[in-house]
Structure formats: structure tokens, C-alpha cells
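Heads up: the structure comes next, in C-alpha cells.
The values are calculated or read from the model by the stated rules, or taken from the named source; none is laboratory data. Since the structure is predicted, the reported quantities are computational estimates derived from the model, not experimental observations. Cβ placement follows ideal geometry from the backbone for every residue including glycine, while neighbour counts extend to all protein chains displayed. The accessibility values were calculated without ligands, DNA or RNA, using every heavy atom of the protein model including side chains. Shrake-Rupley method; radii C 1.70, N 1.55, O 1.52, S 1.80 Å.
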Amino acid sequence: MSTGTELTGVAGWAVDLMERLGGPGAGLVIALENLFPPLPSEVILPLAGFTASQGTFSLPGAIAWTTAGSVVGALVLYTLGAVFGAERFRAVWGKLPLVSLTDLDRTEAWFGRHGKKAIFFGRMIPIFRSLISIPAGIERMSIAIFTLLTLAGSLIWNTIFVVAGYQLGENWYLVEGYAGILQKIVIVVVAGAVIWFVVARVRSLRARNSR
């Protein structure tokens, strides 16, 4: 493949695997990305589109295989959550500082009401797109519904990035810059929410102890 620049690191490894295995290689890389979130889909998906533009496989093939990989990876994490189970999770949660089983009950109730939307839209949010599969497994969401929602959400997310990489060709890396901004926004929002929760909980505990 002629890229104009030598790809190294994760990008080089991903392209090498896709060139060797074709479409299934793209699916395998994305499945691994689901299991190991530090592997960034925002880099791998445009690379799959770029690799397709070089004739290694077709654009529809890139979308189909990466989406299949997303579903497989999500099902593995769902299974891990189901095997771990709600009882074990509650036991671990009960030992954590600053949280209570009441918090967990509220979270479970929220997931019961909004779990379907969380799975669908979670596929399009960096970081959460992998982790959201675990609570779905713990709560034993219908595996048919889980698979369908994962397929739909992943298809949208993957198509956007694969097509962008395909259209940009050797400039596929430009997608990473915009995706990186989105990821930073998510990290800032999550960090802010965690800080707010910790501060509010510490204040609540101090007020309770001072009575």
C-alpha cells in the first residue's frame, strides 16, 4: 500500500492485519478495539476506509466487517457482565467508598428505564461505546434486543468513520483530529460529573456526621 508516509504503531499494525486478512482483518481489529478501549476506533475505522480505497476490499465490505466486529466484541463484554452477575457486582459495589447500595438501586432502575437508548446511543460515544456492554450483561438485557441495538448504533458510527477514511484517502488521519476533540469533551464531562458527585457526597456525609 502506498500511503505517502510510513504507518507505525497501532495504525501500522491495523493496516498490516487488514492487508493480510482483508475484510475479516478489519472486523478482527474492531472486535479487539471493543475489548481493549485504548485501541481507538476513531483511528482504526478511517484506516479501514483508507485500506478499502486502496482496493484491499470494498467499501461495503469494510462497513459490514467492522460492524460485525463491533457486535462480536460487544457480545463478549456482555457475556463477561452476565457471568460476573448482579449479586457479585452488588457485593463489590457495597465495599466501595462514597457510594451505597441505594445508589446502585437507582442506577439499575435508570438502566431499566433507559437501557435501550443507552445501548444504541452509547455506541456513538467514545469510551462508553465499549463499556456500556458490561452493565447490559449484568442486568441480563434481552440478548436479541442488545444485539439489534448494538448492530444499529455500530452501523451508524462505523459508516461515518469508514466513509470519511475512504473519501479522504491518504489524508485519513484528519478524521482523528475531529474525533479527538469529541473524546476530550466526553472525558471533561465525565470528569466533571465524577468530581461533582464526590464533592456532593463528601459534603452530605460531613453534614450527617455533624448532627
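Would you confirm whether any residue within the stretch 66-77 is touching a Ser or Thr at 6+ places or on another chain (Cβ under 9 Å), at pLDDT below 90 and within 20 Å of Gln167 (Cβ to Cβ)?
So far as the stretch 66-77 goes, no, none of its residues is touching a Ser or Thr at 6+ places or on another chain (Cβ under 9 Å), at pLDDT below 90 and within 20 Å of Gln167 (Cβ to Cβ).
How many residues are under 16 Å from the mean Cα position of the chain (by Cα) and open to solvent by 20 Å² or more (accessible area, probe 1.4 Å) if we restrict to the stretch 60-70?
So the count comes out to 1.
Can you find, within the stretch 109-119, the residue that is farthest from Ala86 (Cα to Cα) among those that are open to solvent by 50 Å² or more (accessible area, probe 1.4 Å) and touching a residue at least 24 places away in the same chain (Cβ under 8 Å)?
Lys116
Picking from Glu139, Glu170, which residue would you name as being among the acidic types (Asp, Glu) and at pLDDT 80 or above?
Working: Glu170 fails: at pLDDT 80 or above.
The conditions single out Glu139.
Filter the stretch 22-53 for residues that are of a type in the set (Phe, Trp, Tyr) and not in a helix (DSSP H, G or I) and give the result.
Applying the first criterion (of a type in the set (Phe, Trp, Tyr)) to the stretch 22-53 yields 36, 50.
Hit for the stretch 22-53 is Phe36, nothing else.
Residues being modelled with pLDDT under 85 and open to solvent by 30 Å² or more (accessible area, probe 1.4 Å): count how many of those fall in the stretch 37-53.
Residues in the stretch 37-53 being modelled with pLDDT under 85 and open to solvent by 30 Å² or more (accessible area, probe 1.4 Å): 4 in total.
Take the conditions exposed (fewer than 13 other Cβ atoms within 10 Å of the Cβ), in a loop (DSSP other than H, G, I, E, B) and not charged (D, E, K, R) and apply them to Pro126. Does it pass?
So Pro126 does not fit the description; no.
Answer yes or no as to whether Leu148 is within 27 Å of Val29 (Cα to Cα), out of contact with any Gly (no Cβ under 7 Å at 6 or more places or on another chain), at pLDDT 90 or above and surrounded by fewer than 19 Cβ atoms within 10 Å (Cβ to Cβ).
Answer is yes for this residue.
Quick one: Phe57 ticks every box in (1) modelled with pLDDT of 85 or more; (2) open to solvent by 10 Å² or more (accessible area, probe 1.4 Å); (3) part of a helix (DSSP H, G or I); (4) not polar (S, T, N, Q) bar one, so which box is it?
(3)
Quick one: would you say Leu155 is among the aliphatic types (A, V, I, L, M), modelled with pLDDT of 85 or more, under 24 Å from Gly85 (Cβ atoms) and buried (at least 17 other Cβ atoms within 10 Å of the Cβ)?
Numbers: among the aliphatic types (A, V, I, L, M): yes; modelled with pLDDT of 85 or more: yes; under 24 Å from Gly85 (Cβ atoms): no; buried (at least 17 other Cβ atoms within 10 Å of the Cβ): yes.
Answer is no for this residue.
Answer yes or no: is there a residue in the stretch 129-137 that is part of a loop (DSSP other than H, G, I, E, B), surrounded by 19 or more Cβ atoms within 10 Å (Cβ to Cβ) and under 18 Å from the mean Cα position of the chain (by Cα).
yes
Only residues in the stretch 52-69 that are touching a residue at least 24 places away in the same chain (Cβ under 8 Å) count as the first member; pair them with residues that are assigned to a helix (DSSP H, G or I) and of a type in the set (Asp, Glu), Cβ under 8 angstrom, at least 6 apart or cross-chain, and list the lot.
Thr56/Glu19; Gly69/Glu33
Restricting to the stretch 86-108, and then to whatever is more than 28 Å from Leu151 (Cα to Cα) and in contact (Cβ under 8 Å) with a residue 40 or more places away in the chain, can you tell me which residue is most open to solvent (accessible area, probe 1.4 Å)?
The qualifying residue most open to solvent (accessible area, probe 1.4 Å) is Leu98.
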